[in-house]
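One structure is given below, encoded as structure tokens.
The values are calculated or read from the model by the stated rules, or taken from the named source; none is laboratory data. The shown structure was predicted, so the numbers you read here are calculated from the model rather than taken from an experiment. Backbone-built Cβ (ideal geometry, glycine too); neighbour counts: all protein chains shown.
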């Protein structure tokens, strides 16, 4: 039986979801992306989306994903 997917976050823009997804995948954590609908603008649209984009990870990776994103959020902004 496979692992279940657990939501790691919901994001209001394609860009924000892309950044989080890239961070997780660069650490080897698979990501399931849902509600990635930009309407008539197409899949490359990076602005606000009608419904939040939801990212999920396999349940065994949840703690590692949360830790990684917490470290990412704690980094100071560069000038």
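Odds and ends about this structure:
- Matching residues in segment 1-26 - criterion: being modelled with pLDDT of 85 or more and surrounded by fewer than 14 Cβ atoms within 10 Å (Cβ to Cβ): 4, 7, 19, 22, 25, 26
- Residue satisfying all of: in segment 7-22; under 8 Å from the mean Cα position of the chain (by Cα) and outside any helix (DSSP H, G or I); nearest to residue 65 (Cα to Cα) among these: 8
- Screening segment 36-79 for residues that are surrounded by 14 or more Cβ atoms within 10 Å (Cβ to Cβ) and either part of a loop (DSSP other than H, G, I, E, B) or over 15 Å from the mean Cα position of the chain (by Cα) (or both) and picking the one that is modelled with the lowest pLDDT gives 38.
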